[in-house]
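Asker: Let me give you the structure first, and then I'll get to my questions.
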Amino acid sequence: MGITIALDGPAGSGKSTTARKVAERLGYIYIDTGAMYRAVTLAAIRRGIEISNLPLKVLVQSINIQLEQSPNGQKTLLDGVDVSREIRMPEVTKLVSEVSASPAVREAMVKEQRRIGKKGGVVMDGRDIGTVVFPNAELKVFMIASIDERSQRRAAELQAKGIDVSPDTIARELEKRDELDSNREISPLVQAPDARLLDTSSITIEEQTDIITTWANEKISQ
Ligand code: DC
């Protein structure tokens, strides 16, 4: 057993890396829910599916997305094939907010996320974890950071994966995605009233990890 930790916030706020490190320290499983929406988007692109609710509904019923824990972080499998790298490609990033606004896609993903996390002992990062997926999560953190900091981080992250994109291009893409994610009708990106706010603009990953682990340990010992 263990508690449920929900980490929400905009792209590039440091959620994924921090979530993975917090999970490692607590011996919990780590789930990057954005990867699931990215896998659906990749499948839609590959099959040439129109990005609207009905075709996407049919698509999600016919694909299989699995998340596997590995020493290098989470692996994302689409129909049994590792697509962890492909889901980070700019073509996927460009479309993922539109795909994730589909009610049918959200319904299917949320159902799966609840199944994976139902036993607790999980750190889940996303946009709607503390508001919709696990509204009763014992610890909710809403992470934010300045647009400059977020785009620098994303550029470095992509470069490490051999994908070269300028921070300026990334800043525009992040702002567009924030806007779509925050204004969609279903489960928009919003801070849950009982979430703790953590601004990561000028703190290191190690410091973020320390802060959230401390908050988690407080909840665990309650
Ligand atoms: O965390 P990320 O940048 O990999 O997420 C990709 C997109 O997926 C993000 O722009 C919005 C969507 N998403 C979502 O709608 N709900 C989640 N729980 C996680 C991601």
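No value in this document is a laboratory result; all are computed from the given coordinates. Quantities reported herein were computed from a predicted structural model and do not represent experimental measurements. Note: ideal-geometry Cβ built from the backbone for every residue, glycine included; neighbour counts use all protein chains shown.
Asker: When ranked by the protection proxy of mean other Cβ atoms within 10 Å per residue, highest first, what sequence do the peptides 146-159, 8-21 form?
Answerer: 8-21, 146-159
Asker: Computed over the Cα atoms, what is the radius of gyration of region 43-105 divided by 2.2 N^0.38 Å, N being its residue count?
Answerer: 1.15
Asker: If each residue's Cβ is checked for other Cβ atoms within 10 Å, how do THR76, THR213 rank with the fewest at the top?
Answerer: THR213, THR76
Asker: Between ARG25 and VAL81, how many nm apart are label points set 7 Å from Cα along the C-beta direction?
Answerer: If labels sit at ARG25 and VAL81, their model points lie 3.9 nm apart.
Asker: Further question on the same structure: Given charges of +1 on the Cβ of Lys and Arg and -1 on the Cβ of Asp and Glu, with all other atoms neutral, how large is the dipole of the chain about its Cα centre, in debye to the nearest 20?
Answerer: Computed about the Cα centre, the dipole is about 640 debye.
Asker: Then there is this: If you rank SER102, SER84 by fewest surrounding Cβ atoms within 10 Å, what's the result?
Answerer: Numbers: SER102 25, SER84 21.
Starting with the residue having the fewest Cβ neighbours, the order is SER84, SER102.
Asker: Once phi is turned into ³J(HN,Hα) by the Karplus curve 6.51 cos²θ - 1.76 cosθ + 1.60 with θ = phi - 60°, what whole-Hz value does each residue of region 162-172 show in order, with x for glycine and proline?
Answerer: Karplus-based 3J(HN,Hα) across region 162-172 equals x, 10, 9, 9, 6, x, 5, 4, 5, 4, 5 Hz.
Asker: Still on this structure, I have one more. Give me the Kirkwood hydrodynamic radius of region 1-50 in Å, from all C-alpha pairs, to one decimal place? All intermediate terms of the calculation are to be shown ahead of the outcome.
Answerer: Numbers: mean 1/r = 0.0790 Å⁻¹.
Across region 1-50, the inverse of the average 1/r is 12.7 Å.
Asker: Per the Kirkwood definition applied to all pairs of different Cα atoms, how many angstroms is the hydrodynamic radius of the chain?
Answerer: 17.5
Asker: Provide the per-residue ³J(HN,Hα) series for region 52-67, in order, calculated from phi with Karplus coefficients 6.51, -1.76, 1.60 and θ = phi - 60°, each as a whole number of Hz, with x at glycine and proline positions.
Answerer: Karplus values, whole Hz, x for Gly and Pro: 8, 4, 5, x, 5, 5, 5, 4, 5, 6, 10, 10, 10, 10, 10, 10.
Asker: With just the Cα atoms of region 4-99, tell me how far they stretch along each of the three principal axes, in Å, largest first.
Answerer: Principal extents (Cα only, largest first): 41, 28, 24 Å.
Asker: Need one word for region 149-222: rounded, prolate or oblate. Basis is the Cα gyration tensor (sqrt eigenvalues a ≥ b ≥ c); a/c below 1.5 gives rounded, then a/b vs b/c decides.
Answerer: Oblate shape, in that a/c is at least 1.5 and b/c is the bigger or equal ratio.
Asker: Give me the compactness ratio for region 104-200, meaning the Cα radius of gyration over 2.2 N^0.38 Å.
Answerer: Against the empirical 2.2 N^0.38 Å value, I get 1.21 for region 104-200.
Asker: Another question, then. Could you pull out the pairs from LYS94/LYS219; LYS118/LYS140; LYS118/LYS176; LYS21/LYS111; LYS75/LYS111; LYS75/LYS119 whose alpha carbons sit more than 27 Å apart here?
Answerer: Going by Cα-Cα distance, LYS94/LYS219; LYS118/LYS176 fall outside the 27 Å limit.
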